[in-house]
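Okay, so here's the structure we're looking at.
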Amino acid sequence: MIPIDLVSRSINRDTFGAMVEYGNTLTNIGFVESPNKPNLFYKKRDCLIIFADMRGSKLTPIWRCPYPIIYWRSEIAIPLWLQRRMVLDELLKFEELNCPFRCDADGFGILPPNYEEIRTLFHTGYIPEGARCEAILGEKNDCGCLSYDCPESCRFAIRCGVGICFVCGKEFNDRGLFCSDACRDHIKHIQEIERKETREQIMKENTDRCPLCDKILIVGYSLVVEEMLNYHNISNFERAVSHHISYIQEITVPVCRSCHAKIHFTKGNPVYDAFKPIDSRFL
């Protein structure tokens, strides 16, 4: 190993020390350093060549994250789920020896094979804490870069599409995440429960009721809250108006726009008269 990165930049002593430690671990589990490309380790397993690259990447310099970058190449045409299963078997050895790893920004086969199925797993307890959606799905973040420098996300992404059911753990040896419709429906059921709980939490924290017509009001209005209400199919809502019961004592009550106008302009109606201000704003 040498203290030079992928684009011939010098690597500081501390980073290189960590790299050497990871390199020793890789050697212990059967990886070999390339004689022509220092800091690039590889291991042949059946028809796969699995790489553990510590030269850094254009997205993430090695001194920012010295973990080996994992990718692989298949020498013959075999199903992707089987390739991923074989890679996963090797990565379990990494975890046994507490050797961290990450994935390259371009994926190199690590991207989950079915994005929509992956999306169904979010908020169901099957996504590990710390994993990020955009990292798992290979989506671009705010700066336009892919987020494959998230270790938790990389570990999860590797486990997607290896022919093992995410719900029951059965080996069904095919692409996808679930072995049956029953397991897929189990995830949908969890989502429905989570969706209901989220909707109730949103309602509790961000809404009130108009005391006159019972319309749902957004209290402390924000576009984010409105979008969340729309997403969770909560209709019949509008922005709350702070109506003054007393201007002097600064007593207000949230009402809808329609009822607010009726309070001020309707006369002789005891329902609206009960909400008229007890003093004038001009005193």
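Coordinate-derived values only; no laboratory data. None of the values given here were measured: they were computed from a predicted structure. Glycine also receives a Cβ, built like all others from the backbone with ideal geometry; neighbour counts cover every protein chain displayed.
A few notes on this one:
- Phi angles across segment 167-172 convert, under the Karplus curve 6.51 cos²θ - 1.76 cosθ + 1.60 with θ = phi - 60°, into 3J(HN,Hα) values of 8, 9, x, 6, 7, 9 Hz, Gly and Pro given as x.
- Segment 255-262 - phi-based ³J(HN,Hα) in whole Hz, Karplus 6.51/-1.76/1.60, Gly and Pro as x: 9, 7, 4, 4, 5, 4, 5, 5
- Phi-derived couplings, Karplus 6.51 cos²θ - 1.76 cosθ + 1.60 at θ = phi - 60°, listed residue by residue for segment 181-192: 5, 5, 5, 5, 5, 4, 5, 4, 5, 4, 4, 4 Hz, with x used for Gly and Pro.
- Residues SER57, SER34 arranged by fewest to most Cβ contacts within 10 Å: SER34, SER57
- Cβ crowding within 10 Å, taken as a proxy for footprinting-reagent exposure, orders LEU80, LEU177, LEU229 from fewest neighbours to most as LEU80, LEU229, LEU177.
- Full extension of the chain segment joining GLU200 with ASN269 gains 21.4 nm, where the gain is 0.36 nm per residue of separation less the Cα-Cα distance.
- Among LYS170, LYS267, sorting on how many other beta-carbon atoms sit within 10 Å of each Cβ, with the fewest leading, yields LYS267, LYS170.
- Rounded FRET efficiency, nearest 0.05, which uses the C-beta distance separating ALA261 from CYS168 and R0 of 51 Å: 0.30
- Estimated from the Cβ-Cβ distance and a Förster radius of 45 angstrom, the FRET efficiency linking ILE251 and HIS186 is about 0.35.
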